[in-house]
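Let me begin by presenting the structure, written as structure tokens, before commenting on it.
The values are calculated or read from the model by the stated rules, or taken from the named source; none is laboratory data. Model, not experiment: these values are computed from the prediction. Cβ sites come from the backbone with ideal geometry, for glycine too, and all protein chains shown count toward neighbours.
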Amino acid sequence: MKVTGASIIIKKLLDEKVEYIFGYPGGSVIPLFDELYNFTDKIKLIQPRHEQGGTHAADGYARSTGRVGVVVVTSGPGATNTVTGIATAYMDSVPLVIITGQVPVSLMGSDAFQEVDTTAITLPITKANFLIRNIEELAPSLDLAFHIAKSGRPGPVLVDIPSDIQKALIDEKDIKKGDTQEYSVRKKFPDKEIEKVFKMLSAAKKPLLISGGGVIISEAAELLVRFVEKNNIPLITTLMGKGVYPSNERLYFDGLGMHGTYYGNYAVQNSDLILALGVRFSDRILGNVEKFAPHAKIVHVDIDRSEIEKNVPTVLGIEGDVKDVLLKFLSFPELKTDFSDWVEELNKVKKEFPLKYEKGRKLKPQYLIELANKYFPEDTIIVSDVGQNQMWTAQFYKFKRPRTFLTTGGLGTMGFGLPASIGAKVGNPDREVLVISGDGGFQMNIQELMTIRRYGLNVKILIVDNAYLGMVKQWQELFYNKRFSATPFTDNPDFGAIAKVIGLKSKTLKEWDKAEKTIKELALSEEPMLIHALIDPEENVFPMVPAGAPLNEILLN
Amino acid sequence: MDKPKKIVNVIVHDRPNVLVKLVSFFEKRGFKIENINLVKTEKPGISKYIIIISGENKNIGKFSKQLYKFVETIDVNFL
Ligand SMILES: Cc1ncc(C[n+]2csc(CCOP(=O)(O)OP(=O)(O)O)c2C)c(N)n1
């Protein structure tokens, strides 16, 4: 029997148990959407108002569920609109499969209507991409696409499919499978390396564990917590690693880097042995590389061999899945060495230099985040946007479970928050989803409020409006003589009114005294709701390590 | 004076655009490509790129490891 290219695509989605696609139609994907029309009971379409929004939504779905997010868009502008979303996912190792339409094979290279070289554009921001030139290649390429997206270090994979191939016919018996084995070679790390780590640990006085996004991705949070508790080792997390949380708070020292905590950075700068699991040592956590962790030997565990020794020198690099490595760690008996003096020292620093802000007068974003932490359930998925709002959220919300903090760490994409929250809610209909956004970023994908309404998604929205592009303004204030070039946003609209016009509940919040009641109402609301909070425009994010400075040269206010 | 030259051998799954990835990999890190050769290996679908690069950067050993970031990369060595 003969089948079409479009039906091969849908069959692959069904085989992969894809329940939702984030899609937007156009000339070159009409055949695919037509086929999808036969399967609306099995594969539900979530249609954004803009393909960038759709891509971030698929990303939010993937980050919150651990499953592959699927995007379908048309050629040309449809494809280019996904670029920011793909790059965002690539930087944070999020598994996506993006299916783009393309002009018919016969027209390729002729500057046809809505033709762009999609695979060339996305080459550096995908793990792999495929341009399908004949129907025989379609099924095997889709197999590889899904396999590559989710295996090893996950990431986005794009498949560009000309419209005539979606309509082309192939005999079912001629459909081949992709050789996924080819891309599955993984080295087994030798046990000797783990023994070395234990030798170093027994000799250490001030060990520190830095947990990154890789620990969340590999579902190893629980193992990691067990390991640090068993051996009394202090723990800090990177931005992407938030959600790994010990039950013994005395072992946890929040974050490190530019907007980490004073005590987190203190731990790094004073440690004598760092175990870094699933982190990529970005410049935002390193500060001055030469002066990073000056007393520490660094052991780096990562599934991606290219990360080891990339940004910091290590005494030992272990290439492997952190989950496998942690299982091995846990098979060792408890360490004899006692680290309680070190834990004590860090807790003293933590007490002396806590995160803080002024209370009781002007409306402060940190207070709103603490209130959200108080009134939203522990399994709430918090989505941030980019800028000060992101850093306040990271600092003041207590993330206690993996996959509860969705944030764009690597690319820092303004406009990520609102659409990503849509994907998170689609993937987790029974959990609360709260997006915390700045006023600038919110306006970058504000059209997705319509998507929330169309699908009746109970997403909670908190806009912390400081009438500035706050994070840039903060740099201008500190390093550019308060010359606020291009950062005032005093003409922001009334976001509550916009929400109401769209048909969503909303409230405006101005005063400290009303904050608690309003955030409580937001948490308890049974329908989507937006809070437009007019916060103190002068509030900045502290502590702060200026770019390129060592982590101990930290500004406290 | 001639700039120091290095030879990098990269064994890859031969997929479209691997060459583009390799070229931009070295250029982004400040190397100049002097010569590039594609050799088929005895295994179908697997090729070897022999790349001669020049540049001041002494960290070529460190960089060549980063070639493993590409899903196509099977093996890297440099002389
Ligand atoms: C798409 C995009 N454009 C520009 C930037 C640069 N940028 C980083 S933070 C920031 C300010 C964000 O302002 P706002 O959304 O109001 O959040 P706030 O920092 O005030 O919380 C800007 C412009 C970016 N990260 N992303």
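What's the total number of residues in the range A:195-233 that are part of a helix (DSSP H, G or I) and either acidic (D, E) or modelled with pLDDT under 95 (or both)? Of the residues in the range A:195-233, 3 are part of a helix (DSSP H, G or I) and either acidic (D, E) or modelled with pLDDT under 95 (or both). For the range A:508-557, the set of residues classified as among the β-branched types (V, I, T) and closer than 27 Å to A:D430 by Cβ consists of A:T518, A:I519, A:I531, listed by residue number.
From the list B:T41, B:T73, the one residue that fits, being within 11 Å of chain A (Cβ to nearest Cβ) and modelled with pLDDT of 90 or more, is B:T73. Can you find even one residue in the range A:364-372 that is surrounded by fewer than 17 Cβ atoms within 10 Å (Cβ to Cβ) and within 26 Å of A:G441 (Cα to Cα)? No, the range A:364-372 contains no residue that is surrounded by fewer than 17 Cβ atoms within 10 Å (Cβ to Cβ) and within 26 Å of A:G441 (Cα to Cα). Here A:N311 qualifies as within 14 Å of chain B (Cβ to nearest Cβ) and either modelled with pLDDT under 95 or surrounded by fewer than 24 Cβ atoms within 10 Å (Cβ to Cβ) (or both).
The one condition from (1) polar (S, T, N, Q); (2) surrounded by fewer than 21 Cβ atoms within 10 Å (Cβ to Cβ); (3) at pLDDT 95 or above that A:S184 does not meet is (3).
When restricted to residues that are touching a helix residue (DSSP H, G or I) at 6+ places or on another chain (Cβ under 7 Å) and in a loop (DSSP other than H, G, I, E, B), the range A:1-46 contains 7. Only one entry of B:I51, B:I60, B:I11 meets the criterion of being at pLDDT below 90 and surrounded by 16 or more Cβ atoms within 10 Å (Cβ to Cβ), and that entry is B:I60. For residues that are touching a strand residue (DSSP E or B) at 6+ places or on another chain (Cβ under 9 Å) and assigned to a loop (DSSP other than H, G, I, E, B), scanning just the range B:5-58, find the one that is farthest from B:E72 (Cα to Cα). By that ranking, first place goes to B:G55.
Could you run through the range A:105-142 and say how many residues are under 29 Å from A:L411 (Cβ atoms) and within 14 Å of chain B (Cβ to nearest Cβ)? Number of matching residues: 17.
The conditions of being in contact (Cβ under 8 Å) with a residue 12 or more places away in the chain, within 13 Å of the ligand (Cβ to nearest atom), away from chain B (no Cβ under 14 Å) and outside any loop (DSSP other than H, G, I, E, B) are not met by A:M444.
The set of residues in the range A:234-253 being at pLDDT 95 or above, surrounded by fewer than 23 Cβ atoms within 10 Å (Cβ to Cβ) and not hydroxyl-bearing (S, T, Y) consists of A:G243, A:R250, A:L251. Whenever a residue of the range A:365-378 is within 14 Å of chain B (Cβ to nearest Cβ), it has no partner that is charged (D, E, K, R) and within 16 Å of the ligand (Cβ to nearest atom) lying with C-beta atoms less than 7 angstrom away and at least six residues away or across chains. Restricting B:L19, B:L79, B:L67 to residues that are within 14 Å of chain A (Cβ to nearest Cβ) and either crowded, with 17+ Cβ neighbours inside 10 Å or touching a residue at least 60 places away in the same chain (Cβ under 8 Å) (or both) narrows the list to B:L67. When the range A:451-475 is filtered for residues that are away from the ligand (no atom under 11 Å from the Cβ) and basic (K, R), the ones remaining, listed by number, are A:R453, A:R454, A:K460. A:R483 meets each of the listed conditions (1) under 30 Å from A:G264 (Cα atoms); (2) surrounded by fewer than 21 Cβ atoms within 10 Å (Cβ to Cβ); (3) free of Cβ contacts under 8 Å to residues at least 24 places away in the same chain apart from (1). Looking only at the range A:402-418, residues that are near the ligand (Cβ under 8 Å from one of its atoms) and either crowded, with 24+ Cβ neighbours inside 10 Å or under 29 Å from A:N248 (Cα atoms) (or both) come to 2 in all.
Candidates in the range A:385-401 are the residues that are buried (at least 20 other Cβ atoms within 10 Å of the Cβ) and away from the ligand (no atom under 14 Å from the Cβ); of these, the one that is nearest to the chain's Cα centre (by Cα) is A:F399. Among residues of the range A:152-177 being small (G, A, S) and more than 12 Å from chain B (Cβ to nearest Cβ), the one that is farthest from the chain's Cα centre (by Cα) is A:A168.
Quick grid of which residues meet (1) more than 8 Å from the ligand (Cβ to nearest atom); (2) surrounded by fewer than 24 Cβ atoms within 10 Å (Cβ to Cβ); (3) part of a loop (DSSP other than H, G, I, E, B); (4) of a type outside the set (V, I, T):
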residue	(1), (2), (3), (4)
A:P429	yes, yes, yes, yes
A:V435	yes, no, no, no
A:L449	yes, no, no, yes
A:E477	yes, yes, no, yes
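All conditions but one from (1) surrounded by fewer than 17 Cβ atoms within 10 Å (Cβ to Cβ); (2) in the same structural domain as A:Q395 (by TED's automatic domain parsing); (3) within 16 Å of the ligand (Cβ to nearest atom) apply to A:A547; the one that does not is (2). Being surrounded by fewer than 18 Cβ atoms within 10 Å (Cβ to Cβ), closer than 30 Å to A:H56 by Cβ and not polar (S, T, N, Q): is that true of A:E219 here? So A:E219 fits the description; yes. The conditions of being of a type in the set (A, V, I, L, M) and within 21 Å of the chain's Cα centre (by Cα) are met by A:L96. On the stretch given as the range A:340-371, residues that are touching a Leu at 6+ places or on another chain (Cβ under 8 Å) and more than 15 Å from the ligand (Cβ to nearest atom) total 2.
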